[in-house]
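The values are calculated or read from the model by the stated rules, or taken from the named source; none is laboratory data. Quantities reported herein were computed from a predicted structural model and do not represent experimental measurements. FYI the Cβ positions are ideal-geometry reconstructions off the backbone, even for glycines, and counts take in every protein chain you see.
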Amino acid sequence: MSADFVALSLPPLVIGVLAAIACALPGNFLVLRRQALIGDAISHVVLPGIVVGFLLAGTVSTWPMLLGAAAASLVAVAMIEGIRRLGKVEPGAAMGVTFTTLFAAGVLLLEQSDTSSVHLDVEHALYGNLESLIWIDAVGWQSLVDPVALAGLPPELGRIAMATLGIVIFMAVLWRPLAVSTFDEGFARSVGLPTGVIGVALVVVSALAAVAAFDAVGSIIVIAMFICPPAAARLVTHRLGAQVGWSLVFAVIAAVAGYVLAGHGPLWLGFANSVSAAGMIATVSGVILALAAVFGPARHRAGQAT
Amino acid sequence: MAVGWQLRPWRRWLTRAPDPMLREALTFGLGYNATLVTLGATALGMAAGGAGTYLFLRKRALVSDAVSHATLPGICLAFMLMVALGGDGRFLPGLLLGSAVTAGLGLLCVAALVRRTRLTEDAAIGAVLSVFFGFGVVLLTIIQTLPAGRQAGLEGFLLGSTAGMLLPDAVLIAVGGALTLALVAVLHRPFTLVAFDPGYAEATGWRTGGIDLVLMALVMAVTVVGLKVVGLIMVVALLIIPPVAARFWTDRAAHLALIAGAIGGVSGYVGAAVSATAPGLPTGPIIVLVAFGMFALSFLAAPGRGVVAVALRHRRLQGAIHMRQGLLALATGQPIYEALTLRLLTRAGLARADGVATDAGRARAAKALRDERRWDVARSSPSLAGIAATHDGLSEIETVLTPDQIAEIDARIDAPREVT
């Protein structure tokens with residue numbers, strides 16, 4: 001039992017939790033800055049990014065695709081800003097124009113490939129394949145200290161761990177400037193903070209989180225984790241530090257509960273097959289948000305009747 | 001991550017000869033079904049452009065994204081229900097009905113989150129679209145394990161697929177698109193009113209809440225009808241891109257809806273026709289890319305609001321300001337340090353490269369100085385102050401004031417006198 005757990009469930013569980021944390025952290029600031037949908041836009045343009053990365057590299061390997069995805073998200077951000085500023089279009093519409101177009105281009109590129117496994121790949125980009133990230137070499141808990149077995153860990157685990165670490169460090173270092181420029185941009189500028197650079201840095205970090213998490217778990221979780229845990233946390237507390245803390249708690253709960261429910265829930269109900277873990281994690285995060293929206297102590301707007 | 005992609009060499013796609021089938025497709029020569037799909041896509045595009053205009057004017061374009069993603073669980077539930085009742089799960093009207101139900105539910109969730117909690121609309125939209133879509137994915141994986149689910153083809157609703165479309169489906173889409181279009185045309189007035197001045201609309205007896213509801217219902221209808229053609233991820237493009245593109249061409253709401261409808265219609269028509277010419281050209285992405293092409297054209301080339309026009313206007317204004325300042329400097333004998341000013345003056349033959357005025361330059365400078373003085377007088381004159389206040393400082397005085405008014409001003413300026 002424990003050998004099965006370590007080999008089959010532990011890696012996806014850890015990856016799911018790390019991905020949730022990586023997205024929820026910058027998500028807090030995106031939600032506060034009313035940029036929540038940037039995460040949505042970025043996760044859509046990941047698809048053309050990996051396709052172009054593959055076309056340019058010519059081989060099926062992870063790094064070109066990840067680089068392509070990262071580049072595509074930066075292109076998307078530049079396009080949104082360009083359309084917004086030069087064309088004087090409101091940000092929501094600029095986002096809508098950008099991500100649908102890039103996504104369409106990605107699908108077209110994919111369809112131009114031989115069609116055998118193509119549809120499956122679009123779906124992978126959307127749902128990910130969390131369940132398949134197993135650790136074949138593990139024989140039990142003792143494998144965690146066995147260097148040979150550790151070398152056989154899914155590579156996604158290392159990548160998402162590094163990305164999460166980077167994001168945690170970014171947040172810790174830039175915590176004050178981020179908080180100040182989020183709540184009072186005018187004041188931040190008057191004390192000499194480069195608010196524009198901070199804003200761009202936040203978007204870049206979000207893109208990094210989206211790409212790293214997408215690699216492991218697909219776009220759906222990325223959008224859900226950017227928005228649902230921070231939004232739920234915002235309805236629970238008035239303090240920024242506490243909000244980030246709660247959002248992490250919610251993200252971890254969603255990831256663990258979602259994974260367990262997807263893997264075992266159907267079996268408890270008498271079905272033979274498990275369901276999509278990514279979809280279930282998103283669903284659980286939605287349930288958490290719904291509960292927070294009904295019971296959260298800080299759910300009301302200032303001055304709104306209770 | 002994906003394994004085993006086999007891409008056709010990229011170059012071949014780029015250098016492919018123009019397809020003789022394209023003309024056939026554009027003139028409805030590719031058979032009954034393809035023609036119906038093309039007509040349906042055109043009607044859909046026009047309806048989407050029209051309905052999207054009011055969404056855009058209310059600055060709520062991305063609400064449609066929540067609506068479209070929220071259709072997925074409905075499609076899956078409808079499929080499961082129809083299979084459970086012993087029917088064919090792929091019955092399109094049933095699936096669309098199911099999708100409309102959960103799309104409506106998603107809209108209600110967005111509205112409730114915004115009204116009842118302190119979350120902003122963008123967070124509510126993102127939460128609803130990801131959660132509903134995630135739940136839909138869960139249902140999809142359940143369906144795949146059902147005996148009837150193997151060939152369900154529900155994935156076709158993600159990206160749209162017109163390839164295996166049956167005749168009744170095509171008719172449904174064409175009729176649905178036409179109906180939505182008619183509704184947009186009928187409801188133009190209240191939509192505009194609510195978009196620009198909800199308070200006034202309320203005061204004149206319209207129920208803004210109700211009108212908003214109708215607008216959302218229309219958006220939902222477009223989304224649902226568009227699911228099969230463009231797919232639920234890209235259908236928002238039809239609602240967003242045409243109005244954004246149309247906005248570059250006009251400042252009038254009525255024209256905006258018409259132009260957006262036309263852009264949407266052309267996108268649907270050209271996109272569906274192009275995709276019918278060859279396999280591997282999926283309808284949805286082609287329609288979206290055609291729409292984007294028209295957006296890019298509008299963005300760059302539209303007179304008035306297009307980027308090129310704005311840049312040219314900016315340059316002209318800059319030139320005029322530099323010219324005026326330069327001439328005043330010449331007239332008062334001040335040195336000119338500004339490089340652009342000097343370049344403009346020398347190019348017009350008004351100054352030499354070292355900043356000394358030519359004869360023509362001295363004449364123009366004297367006129368500029370005199371006109372400055374005339375404006376000063378005009379500003380202090382009770383009868384002309386109104387006109388002078390709106391003066392931008394750049395247009396020639398002769399184009400703003402009548403000769404009589406100028407003569408009146410000149411009478412108050414001390415005339416040149418003989419040197420004694």
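Quick check on B:Val63: is it buried (at least 19 other Cβ atoms within 10 Å of the Cβ) and either modelled with pLDDT of 90 or more or not small (Gly, Ala, Ser) (or both)? Here the answer is yes, as B:Val63 does meet what is asked. For the stretch B:96-105, the criterion of a residue being facing another protein chain (nearest Cβ under 7 Å) and either surrounded by 18 or more Cβ atoms within 10 Å (Cβ to Cβ) or not hydroxyl-bearing (Ser, Thr, Tyr) (or both) is satisfied by no position. Do you know which residues across the stretch A:159-189 are under 15 Å from A:Ala24 (Cβ atoms) and hydroxyl-bearing (Ser, Thr, Tyr)? Residue satisfying the conditions is A:Thr164 alone. Of all the numbered requirements in (1) more than 14 Å from every other protein chain (Cβ to nearest Cβ); (2) at pLDDT 90 or above; (3) surrounded by 15 or more Cβ atoms within 10 Å (Cβ to Cβ), B:Ser267 misses one, and that requirement is (1). Checked across the stretch A:241-256, the condition of being closer than 25 Å to A:Leu165 by Cβ, assigned to a helix (DSSP H, G or I) and either within 11 Å of chain B (Cβ to nearest Cβ) or among the acidic types (Asp, Glu) (or both) holds for at least one residue.
The single residue among B:Gly333, B:Gly349 that is small (Gly, Ala, Ser) and under 46 Å from the mean Cα position of the chain (by Cα) turns out to be B:Gly349.
Among residues of the stretch A:134-148 that are on the phi > 0 side of the Ramachandran plot, those with a Cβ under 9 angstrom from a residue that is surrounded by 15 or more Cβ atoms within 10 Å (Cβ to Cβ), sequence gap 6+ or separate chain, pair up as A:Gly140/A:Val6; A:Gly140/A:Ala7. A residue that is away from every other protein chain (no Cβ under 14 Å), at pLDDT 75 or above and under 25 Å from the mean Cα position of the chain (by Cα) cannot be found anywhere in the stretch A:117-132. Considering only residues in the stretch B:372-420 that are under 22 Å from B:Leu330 (Cα atoms) and basic (Lys, Arg), the one that is surrounded by the most Cβ atoms within 10 Å (Cβ to Cβ) turns out to be B:Arg374.
Which one is modelled with the lowest pLDDT, of the residues in the stretch B:155-201 that are closer than 30 Å to B:Pro279 by Cβ, surrounded by fewer than 17 Cβ atoms within 10 Å (Cβ to Cβ) and of a type in the set (Val, Ile, Thr)? Applying the filter and picking the extreme gives B:Val171.
Of all residues in the stretch A:92-102, those satisfying the criterion of being within 7 Å of another protein chain (Cβ to nearest Cβ) and either within 15 Å of A:Arg34 (Cα to Cα) or polar (S, T, N, Q) (or both) are A:Gly92, A:Ala93, A:Met95, A:Thr100, A:Thr101. Within the stretch B:247-276, the set of residues being part of a helix (DSSP H, G or I), over 13 Å from B:Ala51 (Cα atoms) and in contact (Cβ under 8 Å) with a residue 12 or more places away in the chain comprises B:Arg247, B:Val266, B:Ser267, B:Gly268, B:Tyr269, B:Val270, B:Gly271, B:Ala272, B:Ala273, B:Val274, B:Ser275, B:Ala276. Listed conditions (1) within 19 Å of the chain's Cα centre (by Cα); (2) surrounded by 23 or more Cβ atoms within 10 Å (Cβ to Cβ); (3) part of a helix (DSSP H, G or I); (4) not basic (Lys, Arg) are all met by B:Val229, apart from (1).
For the criterion of being within 10 Å of another protein chain (Cβ to nearest Cβ) and either farther than 28 Å from A:Val287 by Cα or of a type in the set (Asp, Glu) (or both), B:Gly199 fails. Output yes when any residue across the stretch B:303-324 is of a type outside the set (A, V, I, L, M, F, W, C) and buried (at least 20 other Cβ atoms within 10 Å of the Cβ), and no when none is. No: zero hits. With respect to being part of a loop (DSSP other than H, G, I, E, B) and among the charged types (D, E, K, R), B:Arg324 falls outside the description. Could we say that B:Ala331 is more than 14 Å from chain A (Cβ to nearest Cβ), buried (at least 21 other Cβ atoms within 10 Å of the Cβ) and in contact (Cβ under 8 Å) with a residue 24 or more places away in the chain here? So B:Ala331 does not fit the description; no. Please work out which residue is nearest to B:Phe132 (Cα to Cα), limiting yourself to the stretch A:261-287 and to residues that are more than 10 Å from every other protein chain (Cβ to nearest Cβ) and either in contact with a helix residue (DSSP H, G or I) (Cβ under 8 Å, 6 or more places away or on another chain) or of a type outside the set (A, V, I, L, M, F, W, C) (or both). Checked the stretch A:261-287; the qualifying residue nearest to B:Phe132 (Cα to Cα) is A:Gly263.
Being assigned by TED's automatic domain parsing to the domain that holds B:Gly40, in a helix (DSSP H, G or I), closer than 19 Å to B:Met294 by Cβ and more than 20 Å from the chain's Cα centre (by Cα) is a condition met by no residue of the stretch B:211-222. Scan the stretch B:36-58 and tell me whether some residue there is surrounded by fewer than 21 Cβ atoms within 10 Å (Cβ to Cβ) and free of Cβ contacts under 8 Å to residues at least 60 places away in the same chain. There is no residue in the stretch B:36-58 that is surrounded by fewer than 21 Cβ atoms within 10 Å (Cβ to Cβ) and free of Cβ contacts under 8 Å to residues at least 60 places away in the same chain.
Residues are listed down the side, and each one gets a yes or a no for (1) within 13 Å of another protein chain (Cβ to nearest Cβ); (2) at pLDDT below 85; (3) closer than 19 Å to A:Leu133 by Cβ; (4) over 16 Å from the mean Cα position of the chain (by Cα):
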position	(1), (2), (3), (4)
A:Leu13	no, no, yes, no
A:Ala41	yes, no, no, no
A:Val45	yes, no, no, no
A:Ala57	yes, yes, no, yes
A:Glu90	yes, no, no, yes
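So, A:Ala224, is that one modelled with pLDDT under 90, within 13 Å of A:Ala20 (Cα to Cα) and part of a helix (DSSP H, G or I) or not? The answer is no for A:Ala224. Determine if the stretch A:198-211 includes at least one residue that is crowded, with 24+ Cβ neighbours inside 10 Å and in contact with a Pro (Cβ under 7 Å, 6 or more places away or on another chain). Yes, the stretch A:198-211 has at least one match.
The single residue among A:Val222, A:Val256, A:Val197 that is more than 17 Å from A:Leu30 (Cβ to Cβ) and of a type in the set (Val, Ile, Thr) turns out to be A:Val256. Criterion applied to A:Ala70, A:Ala76 was being closer than 19 Å to A:Arg33 by Cα, more than 9 Å from chain B (Cβ to nearest Cβ) and either of a type in the set (D, E, K, R) or in contact (Cβ under 8 Å) with a residue 24 or more places away in the chain (or both), and the one residue passing it is A:Ala76.
Quick check: is even one residue across the stretch B:286-293 in a loop (DSSP other than H, G, I, E, B) and within 18 Å of the chain's Cα centre (by Cα)? No, the conditions are met nowhere in the stretch B:286-293.
Pairing residues of the stretch B:285-303 that are assigned by TED's automatic domain parsing to the domain that holds B:Ser267 with residues that are modelled with pLDDT of 95 or more and among the polar types (S, T, N, Q), at Cβ distances under 6 Å and at least 6 apart in sequence or on separate chains, gives no pairs at all.
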